[in-house]
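The values are calculated or read from the model by the stated rules, or taken from the named source; none is laboratory data. In this text, all values refer to a predicted model and were calculated from it rather than measured experimentally. Note: ideal-geometry Cβ built from the backbone for every residue, glycine included; neighbour counts use all protein chains shown. Heads up: the accessible areas ignore ligands, DNA and RNA and are worked out on the full protein's heavy atoms, side chains in. Shrake-Rupley method; radii C 1.70, N 1.55, O 1.52, S 1.80 Å.
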Amino acid sequence: MKTGSRRKTRIITVADIPHVGPGTPAGEWFRRYWLVVGTTKELYDIPQAVRVLGEDLVLFRDITGAYGLVGQSCPHRGTSLEYGDIEDGGIRCPYHGWLFNVRGQCLEMPGEPKDSNFPQKVKQLAYPVREQGGLLFAYMGPNQDKPPPLPNYLPLMDRGGQRQVEPVRRADYNWFNFFENSADPVHVCVLHRHAGYGQQSWGNHFFSYTEMPHFEFVEMDYGMKVVMTKPGPQAGTEFIDEMSLALPSIVQVGDTEFVHAKLDATALINEGSRCEHWMFVTPNDDDHFMLFTADNYTGPVENFFQRLKEMREQERPVQEVKPYDKRKFMPYQGNIRQEDIMAQGTQGLLGERREQLGTSDRGVIKFRKIVVDAIETALQDGTPKGLLPRDPATGVTRLDTTVGVRPTE
Amino acid sequence: MKTGSRRKTRIITVADIPHVGPGTPAGEWFRRYWLVVGTTKELYDIPQAVRVLGEDLVLFRDITGAYGLVGQSCPHRGTSLEYGDIEDGGIRCPYHGWLFNVRGQCLEMPGEPKDSNFPQKVKQLAYPVREQGGLLFAYMGPNQDKPPPLPNYLPLMDRGGQRQVEPVRRADYNWFNFFENSADPVHVCVLHRHAGYGQQSWGNHFFSYTEMPHFEFVEMDYGMKVVMTKPGPQAGTEFIDEMSLALPSIVQVGDTEFVHAKLDATALINEGSRCEHWMFVTPNDDDHFMLFTADNYTGPVENFFQRLKEMREQERPVQEVKPYDKRKFMPYQGNIRQEDIMAQGTQGLLGERREQLGTSDRGVIKFRKIVVDAIETALQDGTPKGLLPRDPATGVTRLDTTVGVRPTE
Amino acid sequence: MKTGSRRKTRIITVADIPHVGPGTPAGEWFRRYWLVVGTTKELYDIPQAVRVLGEDLVLFRDITGAYGLVGQSCPHRGTSLEYGDIEDGGIRCPYHGWLFNVRGQCLEMPGEPKDSNFPQKVKQLAYPVREQGGLLFAYMGPNQDKPPPLPNYLPLMDRGGQRQVEPVRRADYNWFNFFENSADPVHVCVLHRHAGYGQQSWGNHFFSYTEMPHFEFVEMDYGMKVVMTKPGPQAGTEFIDEMSLALPSIVQVGDTEFVHAKLDATALINEGSRCEHWMFVTPNDDDHFMLFTADNYTGPVENFFQRLKEMREQERPVQEVKPYDKRKFMPYQGNIRQEDIMAQGTQGLLGERREQLGTSDRGVIKFRKIVVDAIETALQDGTPKGLLPRDPATGVTRLDTTVGVRPTE
């Protein structure tokens, strides 16, 4: 169906980025990475239907604790394994009792002759799953026997700091509207001027609506970094606030302890950020995605994530909703997440919507180019940009965002 | 995309009438008129999303009181201007703060360099809007700088009588099912025999199921008039009841004060109708339309519209609904508006449904022909039939329906 | 549109079976039989909209008691006859009063001239309907004037035993998932191991999950019979339990009095089944079907169907639903009907889903072949397999399932 030669001659454009189903260019690219498909806390002793990159799958933990991600339709006659019984070393289809292990191998067919070798021949679609720090990663790409290494993501490692994994969040718009939003610092100053970023005191109002920071976009081996600066507190210094975007779909922001946890900005100025806030985006399909968030905090505040949670709960929208106001997303102003959902959820699909881009969109333009290049690389069987273990000493994969004050060069 | 020559060779049929999206024949025709898109009473200090002729738009009133009707998607990156902030002489996109005035001109881009001339170059889709007597009219056709004159519709003029604009009504079927229904007097005697028209005493039971009036259909410069007559109270007289249909989508009926307000029919017989009841139909798209109603009453009854409202509230369906009756539109019999919604809402689309027309459908047949001719005229850049100021003395546009008794010729 | 020659050259496959709309191969085949379209108990004095084989129809009983099944859209201008008034010897469209009798003949057009012959010329789509034992059968095929004989179905005949017709059941998946399920005895031992079939004592646990019965599939002139056997209570005997599938869509099972009514299995062993349980499947379209059930009981238990009803009400699912379990069909285990709905309702469409069939699917494979042959026969204008009066003495049509103990051959 897809020949190498056909692939290579197809020109990839930004209109390809949103589409991740099987056989699409971005879908093939996405399948080169380990993707988060669930959390250990939210996976119970029942099968969990999950749609990933347009494929209907079932995630489960067998009675030995091994994780499986298998095709939702039983290969026998199609009944959904979402209703399978987890027993006897696998998941058993309720209709005729076919039993599959986490690798998709059929182990039993109660209705077939007892000496039949038919079970050995039947293999259900199955993808390898690995657990790391409470997140469940699956690899859905080629060479399933030799998947690429799963990076040791910093916030998922047990390194002595405080860690947290949030329950999955779900959205019903295209994943890339969310992802490229992080390559666009102007929106922080405008859309979020009513919420956390507007209220902060750090850096003398770093994300000011009227005096926006200077920003640069640096291509990285993992993707792109957004570097925002403002004149610092002393001569020869500058405030810096960075966000990192790692392919295929990880965002890390460094200012969570000030924007959301409302810690004293002095510490940020003096010592830099001590909270890594990672967001892993996994598209269900072109119109839905899941968002998994993992944090690592190494600062001095005890029960940091309890505080963060309490402060987030206070971040309700501040917007008055008038009695005649029936708009779907009201209220949204005052809560960063809801502001993003409103703005990104009404954008439509990249490649279908009309756009007029300015110089302040140069981060988005650059980032789209980086993604298009990565898709082309994947289609040519190269290794696209993305996160790899980069510290040979620790083996830990981190994203090097800096938030704080630094000397100007 | 659409060349004049291609247009001229396309043969228009009745199957074209229901379809009003951009680029369709009836859509191009509809865009030659001012259309009602809202009411001043229902437009608050927030943007109002409105779909007109298949286009997603936002209606708003800026802080100076000027009305705007602009494209819903921000031309920058697509976020919906339904969530725009009305401020600073326009509507501001919440995502990056681009500000547009009512003519669609971009005034500000907070993220762009302060000396940028990019704002000047960006113009959002915008249509001119004019207010008249509480209704908001927009012109979405060619030559936006020189739109056709907006007629001075009689019920919207301040002429000393009592006036009323009803809140918008919405329906989820094709606009033409509603519109051509007025070219079909038989339905009044049949469908509405349980409701107002069946209960009336005027004209010795003018709209009788068994003794229907005589009816004629007269082509007018504005569209068509339905003329219904019955033998009058004295020799040499006849009862007359007329309805007018003005292109593209205005209906005026003259007997509201008797059918709905239940005034004594003697007055109607002696003096003729004193209530003009205008309905302006605006398609949202092929499956939905809005209905705006404006009345002008010049008779002696004080608080006529209060009485009309009270009498309409008594027009509940009289139909018993049995416990086992789960049909969607039940009950409908006894309320003219609900009778119409049931009958028109289940018809399907003209051109898709099968029909067998009789001589009693000659009004519908004639009217469809008038509309098809108007579409063809519009596509040939002529001026299609419709309402124009016709009384040079007053400048007021009225529809000349007669209801009452007149001498036979 | 469909020429005989084209039909004959088209190769029919199992992928054709699920599709029953007008003009499809299976649709043409289905239209060779009388199909159940309603029950007399559930047809009131109002029209009943019913979709059959993809056609939107209205079922009604006129004031004389005659049954009609006519096209839903009025042939005049399309308004739905679901809102028709049943009066004056037919059903009258509410919009303009056209009156149709049960044969679709137009009888009146109140708006047309009184001497018009237009009514005589207009015939609405209408199918013949016959009542039998509380079920309403329609024939939607060719040669409507000479439809095939309606069989005298045993459970619908008044023969002295107790009879029952259940209210219609509705499902929102393809009819053939339900129908072929009966050609698949393994599912009884697996899917229903939690419910009635797992709890039974008869035949020393006839439908055991671990010791399944032997089964054979016998092609019959009406379709296929499933014959399940196990070693009997004495040497030289065997337990037997049969199910019959009659084309196009009738299932008869013989063990209802033990599986559901929980009668003492001794009687079944000694005397055989005395309850015929017939299920008539009628597709609304490819994604929905109706299920009509008729029983005939000739055993000694008084008020047998009252007992059956009470016992069925106790067959609630026994499955615990955990607080985090949000799966759509939960709970289902423990109730045979809900187990079937879960398994069949998630299968997807035959021909679209992927399958890997084993030797235990040989009943399904054989049955699909029988259906494909019947479709081909119908398309070649032959008489496809199906139920016909087969007992010349009584004229009654029965399905010869045996349930009980018999000597081995």
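Here is how the numbers come out for the structure above:
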| quantity | calculated |
| --- | --- |
| The range C:257-276, residues that are touching a Ser or Thr at 6+ places or on another chain (Cβ under 9 Å), crowded, with 23+ Cβ neighbours inside 10 Å and either aromatic (Phe, Trp, Tyr) or touching a residue at least 40 places away in the same chain (Cβ under 8 Å) (or both) | C:GLU257, C:PHE258, C:SER273, C:GLU276 |
| Selected residue (only one of B:GLY54, B:GLY133, B:GLY68 is closer than 30 Å to A:SER208 by Cα and in contact with a strand residue (DSSP E or B) (Cβ under 9 Å, 6 or more places away or on another chain)) | B:GLY68 |
| Checklist (1) small (Gly, Ala, Ser); (2) in contact with a helix residue (DSSP H, G or I) (Cβ under 6 Å, 6 or more places away or on another chain); (3) at pLDDT 95 or above; (4) within 21 Å of A:GLY196 (Cβ to Cβ) applied to A:GLY334, failing item | (3) |
| Odd one out for A:ALA15 among (1) surrounded by fewer than 16 Cβ atoms within 10 Å (Cβ to Cβ); (2) among the hydrophobic types (A, V, I, L, M, F, W, C); (3) assigned to a loop (DSSP other than H, G, I, E, B) | (3) |
| Pick from the range C:48-105, criterion facing chain B (nearest Cβ under 8 Å) and part of a strand (DSSP E or B), ranking: most open to solvent (accessible area, probe 1.4 Å) | C:SER73 |
| The range C:237-256 - residue that is assigned to a loop (DSSP other than H, G, I, E, B) and modelled with pLDDT of 95 or more and, of those, surrounded by the most Cβ atoms within 10 Å (Cβ to Cβ) | C:PRO248 |
| Residue under evaluation C:LEU136, criteria (1) under 24 Å from C:VAL20 (Cβ atoms); (2) assigned to a strand (DSSP E or B); (3) open to solvent by 10 Å² or more (accessible area, probe 1.4 Å), criterion not met | (3) |
| Answer residue from the range C:164-187, given it is open to solvent by less than 10 Å² (accessible area, probe 1.4 Å) and among the aliphatic types (A, V, I, L, M) and is nearest to C:ALA26 (Cα to Cα) among those | C:ALA183 |
| Cross-chain or 6+ apart pairs with Cβ under 7 Å, the range B:108-129 first and within 7 Å of another protein chain (Cβ to nearest Cβ), then open to solvent by 70 Å² or more (accessible area, probe 1.4 Å) | B:GLU112/A:THR359; B:PRO113/A:THR359 |
| Failed item in (1) touching a Leu at 6+ places or on another chain (Cβ under 8 Å); (2) touching a residue at least 60 places away in the same chain (Cβ under 8 Å); (3) away from chain C (no Cβ under 14 Å), with B:MET279 passing the rest | (2) |
| Candidate set: the range C:110-132, residues that are part of a loop (DSSP other than H, G, I, E, B) and hydrophobic (A, V, I, L, M, F, W, C); chosen: the one least open to solvent (accessible area, probe 1.4 Å) | C:VAL122 |
| The range C:309-357, subset open to solvent by 40 Å² or more (accessible area, probe 1.4 Å) and among the acidic types (Asp, Glu), residue farthest from the other protein chains (Cβ to nearest Cβ) | C:GLU310 |
| Evaluation of B:GLU211 against (1) surrounded by fewer than 16 Cβ atoms within 10 Å (Cβ to Cβ); (2) more than 23 Å from B:GLN333 (Cα to Cα) (one fails), failing number | (2) |
| Residues of the range A:277-290 satisfying the condition of being under 19 Å from A:VAL251 (Cβ atoms) and open to solvent by 40 Å² or more (accessible area, probe 1.4 Å) | A:HIS288 |
| Residues being assigned to a strand (DSSP E or B) and modelled with pLDDT under 95 - total across the range C:216-227 | 0 |
| Filter result (within 14 Å of another protein chain (Cβ to nearest Cβ), in a helix (DSSP H, G or I) and without any contact (Cβ under 8 Å) to a residue 40 or more places away in the chain) within the range A:358-376 | A:THR359, A:ILE365 |
| B:THR24 being without any contact (Cβ under 8 Å) to a residue 60 or more places away in the chain, away from chain A (no Cβ under 13 Å) and under 27 Å from B:GLN164 (Cα atoms) | no |
| Members of the range C:309-351 found to be of a type in the set (A, V, I, L, M, F, W, C), assigned to a helix (DSSP H, G or I) and over 20 Å from the mean Cα position of the chain (by Cα), listed by number | C:MET311 |
| Selection status of B:VAL190, within 14 Å of another protein chain (Cβ to nearest Cβ) and open to solvent by less than 20 Å² (accessible area, probe 1.4 Å) | yes |
| Conditions (1) within 14 Å of chain C (Cβ to nearest Cβ); (2) more than 23 Å from the chain's Cα centre (by Cα); (3) touching a residue at least 24 places away in the same chain (Cβ under 8 Å); number of the one not met by B:ASN177 | (2) |
| Meets criteria (open to solvent by 30 Å² or more (accessible area, probe 1.4 Å), over 24 Å from C:GLU180 (Cβ atoms), among the β-branched types (Val, Ile, Thr) and within 11 Å of chain A (Cβ to nearest Cβ)) for C:VAL405 | no |
| Any hit, the range C:182-202, residues being at pLDDT below 95, assigned to a loop (DSSP other than H, G, I, E, B) and more than 24 Å from A:LEU81 (Cβ to Cβ) | yes |
| Given (1) of a type in the set (D, E, K, R); (2) in contact with a Gly (Cβ under 7 Å, 6 or more places away or on another chain); (3) more than 14 Å from every other protein chain (Cβ to nearest Cβ), index of the condition B:LYS146 fails | (2) |
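Each row is one residue, and each column tells you yes or no for (1) of a type in the set (Gly, Ala, Ser); (2) within 30 Å of B:VAL37 (Cα to Cα); (3) in contact with a His (Cβ under 9 Å, 6 or more places away or on another chain).
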| site | (1), (2), (3) |
| --- | --- |
| B:GLY160 | yes, yes, no |
| B:ASN177 | no, yes, no |
| B:ASP184 | no, yes, yes |
| B:HIS192 | no, yes, no |
| B:HIS214 | no, no, no |
| B:GLU242 | no, yes, no |
| B:ALA261 | yes, yes, no |
